[in-house]
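**Q** I have a structure here, written as structure tokens, and I will follow up with some questions on it.
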Amino acid sequence: MAKIKTLKDSKNETIYPVTISEALLDANGDPIIPQIEEKIKDINVSVDTTLTKENVAAEAKTTGDKIQLLLDLMRNRPSINTLTDYFNYHRDGKVYQTKLWKSATNPTPTGIKLLDNEGLSFTPSTDTDEGVDDYATIPLFDWWHCNYIREDNGDIKITAIEGDSNYAESGAVDVGSFGMSFYWNWDDSNEQYTLVTISDSPNEQYGLVPWPECVNANGTVNAYWCHSAYPSVIASDGKLRSQPNAKVARNQSYQNIITNYGKKGAGYKGAGTVRNTFQIVFNAIKGNIKNSQRICAGLTNYNLQYDAAVERSEKDTYFPVTSAQAANLEVGTCVSVGYASNNNGSLNKDRGQISMHTYADDVKILRIEDMDDGNKAVYLDISDGFNTTKVALTDSLSSSVILSTMHAYTGETNRVIGKHDGSVGSNTSGKHPYRVQGTEYAVGGYIVSSDTVMEFQADSSKKVYAAKNGVTHVTDTSKIRSTYKEVGTIPDYSGADWWVGDIGVDTETGAWYPAISATSEAQGYGDRCYAGGTVTSGAREYLQGGALWLGSNAGSSCLACWNWLAGVFWFYLSAD
């Protein structure tokens, strides 16, 4: 071994060599540490990964993970690297079931709670009033917000959990809600009732299968479910993302969803019908109800348009309304301000007209104040003011400046107390979206399904096709028939719109569809199926939930069957 001259400082402390690799050289002056490492790399050192063996060194990562799991159990929140162990620790095998009467047997929307669900109570909360929620302390019903990505095969991967230093709600990220994976069944085999069942564990007795959002492309089952927490907005990177505190992206369609979400990567396809079925299932289990509006109305009754009560030549950030009109508006809700367009000599006030958003485009109402003349000033969250003088469209046609109510901003439901389901302000006013298990619904527009379409038949019924996990989403009808799964048929009632009494559900894909009619909104699911007329051919996109003017016609089982796969309107929204 070569000798090395040692260098010392004035205090006789060695300054060279400072590492072993500098000191140990072979005869040629080359470091011998790599040579030693090469010789010992195949030597096995016994370590204990079970943390139960005496006089055996504990494996470091295993020890760290166990310590982290203990910390997570103490704080009631998993970490990225403890998700599986955290959820498995809490699994108890209990089975929660609700019996929902079929409309022909009993038209009531209310069911009967059975098994471990019996005796549990639930009412929704608001941001000021806490409802009754016996499910809040049951691990199966706990949830958190997170950031996630989708792998190229579509599998979802959680990358950060709310509270982590790298968790974000803006930028090039998506925000999801997630919780313990569960197993479920939607059993329609009995002529009189449907059994909706969930558990945190497999159960052959009740025919439980993994929730579709828990199943990976290779068939393995994740320890958690995860999906977008909010309808999509246009993020700072210009892409459709699930984020709070922003206005929703309008004018979505089945066709453009394929392109728009694909910009984020091969695994991004937009939310399928299962995201809506999710709320139907948990409303049945917790709320013991078919009709979602019996729990929360959603933003379904807020369709207002007012001409400016005062023509003001000066620019300002408020819109003048009468006192009576102001009583119908609510601080924190969203509006647009603009003017009508010219439709062959008449005024077109449809919100799809760009001019209707000229001065303010889906912005929040900050406050409402008295004006000296007895009117009210509706102050808006904008920086540039506007006047309210009429706008000339032609020599003979002019439009007043108009205020229109709009969709809610995403994330409003984050203000609901704790982790309870419910809405801000009121669950019955029809002016606010609601959340179920951390997932936001009913922000004022239909949600277009990314993976489900319907095709009219010769008798005007409609076959429903849903793409399984991993199947490419397409617009060609023949390819849809050959590659998607046919999950059921929406019946025809002479081309007329009808109330939904019962729905059908496919447990493999999570797709749902209106199956049986009721005679009124008080029966069954109590939502409207807009049939699309007596058409005998053609594919249509899947428009779920309803819009801000539908009132009791809207709800979790509301479905519009009228528009082609490329159809877009201002009230057509989407989710990741």
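All of the numbers you see were taken from the coordinates with simple rules; none came from a lab. Note that this is a predicted model, so its numbers are computed, not measured. Quick reminder, even Gly has a Cβ in these numbers, built from the backbone with ideal geometry, and neighbours come from all protein chains shown.
**Q** Taking the Cα atoms of the stretch 115-205 alone, what are Rg (to one decimal) and Dmax (as a whole number) in Å?
**A** 17.5, 53
**Q** Here is a follow-up. Along each of its three principal axes, how wide is the spread of alpha-carbon positions in the stretch 166-253, in whole angstrom units, largest first?
**A** In descending order, the Cα extents are 49, 31, 22 Å.
**Q** Determine ³J(HN,Hα), in whole Hz, for all residues of the stretch 545-558 in sequence, where each value follows from phi through the Karplus function 6.51 cos²θ - 1.76 cosθ + 1.60 and θ = phi - 60°; x replaces Gly and Pro.
**A** Taking θ as phi minus 60°, the curve returns x, x, 10, 5, 10, 7, x, 5, 5, 7, x, 5, 10, 6 Hz for the stretch 545-558.
**Q** Let me ask something else. Two decimals is fine: what's Rg over Rh for the stretch 329-420, C-alpha atoms, Kirkwood radius as Rh?
**A** With Rh from the inverse mean 1/r over Cα pairs, Rg/Rh is 1.07.
**Q** Could you pull out every residue, at least 5 positions away or on a different chain, whose amide H is within less than 5 Å of the one on Gly488? Hs are placed 1.01 Å off N in the peptide plane, and Pro or chain starts have none.
**A** HN-HN under 5 Å from Gly488: Val464.
**Q** Just to check I understand the Karplus step: with θ = phi - 60° and J = 6.51 cos²θ - 1.76 cosθ + 1.60, what whole-Hz values come out for the stretch 154-162, glycine and proline as x?
**A** Whole-Hz 3J(HN,Hα) from phi for the stretch 154-162: x, 4, 9, 10, 7, 10, 7, 10, 3.
**Q** Given an 8 Å cut-off on Cα distances and at least 6 residues of separation, report the relative contact order of the chain as a percent.
**A** For the chain, the relative contact order is 15 percent.
**Q** Among 201-208, 397-404, 461-468, what's the highest-first ranking by average C-beta atoms within 10 angstrom per residue?
**A** 461-468, 397-404, 201-208
**Q** Which order results if Val487, Val568, Val378 are arranged by neighbouring Cβ count within 10 Å, fewest first?
**A** Ascending number of Cβ neighbours within 10 Å: Val568, Val487, Val378.
**Q** If you filter the stretch 305-339 for GluC sites (Glu not before Pro), then keep DSSP loop positions with at most 14 other Cβ within 10 Å, what is left?
**A** Glu311, Glu314
**Q** So what is the calculated 222 nm ellipticity per residue for the chain, using -39500 (n - 2.57) for each DSSP H run with n of 4 or more, over all residues, to the nearest 500 deg cm²/dmol?
**A** -3500 deg cm²/dmol
**Q** Still on this structure: Take the Cα atoms of the stretch 389-484, find their three principal axes, and give me the spread along each one in whole Å, biggest first.
**A** The principal-axis extents, from largest down, are 57, 53, 27 Å.
**Q** Using modelled amide H (1.01 Å from N, peptide plane; none on Pro or chain starts), what sits under 5 Å from the amide H of Tyr193, excluding residues fewer than 5 places away?
**A** Residues meeting the criterion, in which the H sits 1.01 Å from N, are Lys102.
**Q** Something else about it: What do you get when you divide the Cα radius of gyration of the chain by 2.2 N^0.38 Å, with N the number of residues?
**A** With N residues counted in the chain, Rg over 2.2 N^0.38 Å equals 1.19.
**Q** Under 15 Å Cα to Cα from Lys315, which aspartates and glutamates show up? Leave out anything in the same chain fewer than 8 places away.
**A** Hits, sequence-local ones excluded: Asp381, Asp384.
**Q** Enumerate the helices in the chain for which the Kyte-Doolittle hydropathy averages -1.0 or more and the C-alpha atoms extend at least 20 Å along the helix's axis, using complete DSSP H runs.
**A** 60-75
**Q** Now for a different question. So, by mean Cβ neighbours within 10 angstrom, what's the order for 335-348, 232-245 with the highest one leading?
**A** The densest-packed peptide leads the list: 232-245, 335-348.
**Q** Shifting gears a bit: When all alpha-carbon pairs of the stretch 166-317 are counted, what percent fall beyond 21 Å?
**A** Here the tail beyond 21 Å accounts for 61 percent of pairs.
**Q** For the stretch 323-469, calculate the relative contact order in percent as a whole number, restricting contacts to Cα pairs under 8 Å that are 6 or more residues apart.
**A** Once divided by the residue count of the stretch 323-469, the mean separation gives 18 percent.
**Q** Please enumerate, by chain and number, the aspartates and glutamates with C-alpha under 17 Å from the C-alpha of Lys349, excluding those fewer than 8 residues away in the same chain.
**A** Correct list for Lys349: Asp307, Asp361, Asp362.
**Q** Considering amide H positions built from the backbone, and no H for Pro or chain starts, which residues 5 or more places from Asp155, or on another chain, come under 5 Å of its amide H?
**A** Under 5 Å from the amide H of Asp155 lie the amide H atoms of Ala217, each far enough along the sequence or on another chain.
**Q** Of all the Cα-Cα pairs you can form in the stretch 478-576, what percent are over 19 Å apart?
**A** Looking at the stretch 478-576, the distances longer than 19 Å represent 44 percent of pairs.
**Q** Cross-link list Lys99/Lys419; Lys102/Lys463; Lys53/Lys94; Lys364/Lys419: which exceed 29 angstrom alpha carbon to alpha carbon?
**A** Going by Cα-Cα distance, Lys53/Lys94 fall outside the 29 Å limit.
**Q** Shifting gears a bit: Given Cα pairs under 8 Å that are at least 6 residues apart, what percent is the relative contact order of the stretch 238-393?
**A** Relative contact order comes out at 21 percent.
**Q** I'd like the distance between the alpha-carbon centres of the stretch 123-145 and the stretch 230-256, rounded to an integer number of Å.
**A** Value for the Cα centre distance between the two parts: 27 Å.
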